[in-house]
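Trainee: Handing you a structure now.
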Amino acid sequence: MINQYTHNQPGLYAPSGRVLESDLAGELPLYLYWPQDQSTLLYSTSITELLNDARVPKPLKVSTEGLSFLLQSGVVPPPKTAYQDIYILGIGDKAKVSTLNGKIDIQFSHEFPFLNANRLQADEMQPDEDLILQMLAEATISRIDESKPSFLFHSAGKDSNSIALALAEAGWQDKVTLITHKSKGKADESEISAKIAKQLGFKHQILHEVDQLQAEHKQAINDYFVNAPFPCTDNVTLAYPLYAHQLPELKGANIIDGMGNDVFIGHIPSRTEFKRQQISKYLKYSRLLSKHFPSESLFHVAGRTRAEWTGLSGLSFADVKKILPDAFDVSDFWLEKDSNQDYLDFRPSIRGTIIDQEIFTRKARNFADSINANMVLPFANQQVAEYFAKMPEQHLFDRKALKNKLILRKILKDRIGLDSDALGKLGFSYDSRSIVLQNWDWMHQEMQQCPLWEQAGLLKVITRLKGVMQSQHKYADLSGRLIYRIYMFSAWRNQSRYLKQNKQA
């Protein structure tokens, strides 16, 4: 459904105007079309409906500011996006809409809604484990279209297993298939996932990584970029269209994912990150110099702000200027975001509302939108978020041990014998460096054909990064990921239906 405001609507003349905002945990972000002439405002919870609407002129234009953020930070902070005139309202975002001088005026604001200081005290609330599982089951089932097959992205982790357990206790084993990515090396979770699926009574399917792309794989990737609404820098982005190639039943299906809860359950860093952000209080002022170093330089990395240590990375401004001469320097934006707030309170305000939403969850949303699937995010449900947001932190995380999701660990250990402490951190890995090396000519051609880049500068940067990637350099993997990102931006610009006049729906 598309909603519209025009400048002559009576309610917009009031001093307070109208206020638009997303739901509490960003289950259904609001997407806005607000042209530069401020003649109208269209908004919807469906990005594909909005972008395909005839009132939104195509081709859309790429935002230089948005692209600058993507290259340097890997993400565009809401409400801005990679497009001109397209905005997002996510967690904590508001848009005050009013009429000013005969035009639609919007004032954007943000207030983080999940401060730990607002939680109940330890003696005021005890977690109800049965209620938690019941809410997760209801949050999932209420969003599922039962006329379509349903798949849960499953791992050995706490989030997807909490949902799987909730669905099992609700008797949904025959209606949902668990699917797991098989990673390379010791981080692989597929065997553990298969055992849990069998224990709970679910069907299970393993999805495999593809390094050497054949013609059909390349076609699946191109189809993804045609239909994906936004560019995304998540390292596993290209794995997703290959999932649909391996498992065609995903197209048009219900896709369930456990992302979205860290922002209110507790965003706990690794001990290494915690130490680095402490040092960044002093080193961040070297940013005036560090941004002029190559992307793979230790000096560039050392100049990161506290906000950037929550999970942001990208090309240095020096390299970006070679590729995109009109680029915008994002340094001041992140410096202004920094504060002396306790890191366990500061981290979710950046990672939870920007990185998680517009890198990790956006990866899944893009995939679902590209194959006309129904995205289901049970942990982003308002009732679930409200319950965890008030829960005393003693039940959720340990500040000294830097340990997270305590209540979920307990539920899973008690009910299915899954000991997250013993397993340690596994995680979903994807060898994007191998993809780049084994498909260099194909990716290089895509980058060369992209009209966004200054080609001479691009050639210098990617040639240098490729040399580093093929060496034993400390940042060899980082260099590969940066080339991979440039390729993904190029493919999005070259293939997207929303950036081509003849590709619109």
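The values are calculated or read from the model by the stated rules, or taken from the named source; none is laboratory data. What you see is a predicted model; the values in this text were computed from it and never measured. Neighbour counts are summed over all protein chains in view; Cβ atoms, including those assigned to glycine, are modelled from backbone coordinates with ideal geometry.
Trainee: Considering region 27-52 alone, what residues qualify as being β-branched (Val, Ile, Thr) and under 15 Å from Pro78 (Cβ atoms)?
Mentor: Of everything in region 27-52, those that are β-branched (Val, Ile, Thr) and under 15 Å from Pro78 (Cβ atoms) turn out to be Thr45, Ile47.
Trainee: Is there a residue in region 369-387 that is assigned by TED's automatic domain parsing to the domain that holds Ser190, among the aliphatic types (A, V, I, L, M), out of contact with any Ser or Thr (no Cβ under 8 Å at 6 or more places or on another chain) and surrounded by fewer than 19 Cβ atoms within 10 Å (Cβ to Cβ)?
Mentor: No; the residues of region 369-387 include none that is assigned by TED's automatic domain parsing to the domain that holds Ser190, among the aliphatic types (A, V, I, L, M), out of contact with any Ser or Thr (no Cβ under 8 Å at 6 or more places or on another chain) and surrounded by fewer than 19 Cβ atoms within 10 Å (Cβ to Cβ).
Trainee: The conditions are (1) modelled with pLDDT of 95 or more; (2) touching a strand residue (DSSP E or B) at 6+ places or on another chain (Cβ under 7 Å), and Met1 fails exactly one of them. Which is it?
Mentor: With respect to (1) modelled with pLDDT of 95 or more; (2) touching a strand residue (DSSP E or B) at 6+ places or on another chain (Cβ under 7 Å), Met1 is out only on (1).
Trainee: Just one of (1) assigned to a helix (DSSP H, G or I); (2) out of contact with any Pro (no Cβ under 6 Å at 6 or more places or on another chain); (3) in contact (Cβ under 8 Å) with a residue 24 or more places away in the chain trips up Ile354, so point out which.
Mentor: Failing condition for Ile354: (2).
Trainee: Buried (at least 21 other Cβ atoms within 10 Å of the Cβ), at pLDDT 95 or above, among the aliphatic types (A, V, I, L, M) and more than 30 Å from Ile483 (Cβ to Cβ): which single residue out of Leu32, Leu51 fits that description?
Mentor: The match here is Leu32.
Rundown of residues vs (1) touching a residue at least 24 places away in the same chain (Cβ under 8 Å); (2) under 23 Å from the mean Cα position of the chain (by Cα); (3) within 27 Å of Ala82 (Cβ to Cβ), yes/no style:
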| site | (1), (2), (3) |
| --- | --- |
| Leu165 | yes, no, no |
| Lys184 | yes, yes, no |
| Gln212 | yes, no, no |
| Glu216 | yes, no, no |
| Phe225 | yes, yes, yes |
| Val236 | yes, yes, yes |
| Tyr243 | yes, yes, yes |
| Leu250 | yes, yes, yes |
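Trainee: Would you check which residues across region 176-203 are within 21 Å of Thr140 (Cβ to Cβ), surrounded by fewer than 16 Cβ atoms within 10 Å (Cβ to Cβ) and either of a type in the set (D, E, K, R) or not assigned by TED's automatic domain parsing to the domain that holds Leu412 (or both) and list them?
Mentor: Correct list: Lys198, Lys203.
Trainee: Checking the structure you have, find out if any residue of region 308-328 is more than 21 Å from Ile486 (Cβ to Cβ), in contact (Cβ under 8 Å) with a residue 12 or more places away in the chain and aliphatic (A, V, I, L, M).
Mentor: No - not one qualifying residue is present in region 308-328.
Trainee: Which one of these is touching a Leu at 6+ places or on another chain (Cβ under 9 Å), charged (D, E, K, R), surrounded by 14 or more Cβ atoms within 10 Å (Cβ to Cβ) and in a helix (DSSP H, G or I): Arg433, Arg415?
Mentor: Only one candidate qualifies: Arg415.
Trainee: Let me ask something additional. With respect to Glu191, is the statement that it is touching a helix residue (DSSP H, G or I) at 6+ places or on another chain (Cβ under 9 Å) and either of a type in the set (D, E, K, R) or farther than 17 Å from Phe367 by Cβ (or both) true? Quick ask: steps written out before the conclusion?
Mentor: Details: touching a helix residue (DSSP H, G or I) at 6+ places or on another chain (Cβ under 9 Å): no; either of a type in the set (D, E, K, R) or farther than 17 Å from Phe367 by Cβ (or both): yes.
Judged against the criteria, Glu191 is not a match.
Trainee: For region 445-469, which positions are under 12 Å from Ile486 (Cβ atoms) and in a loop (DSSP other than H, G, I, E, B)?
Mentor: Correct list: Cys450, Leu452, Trp453.
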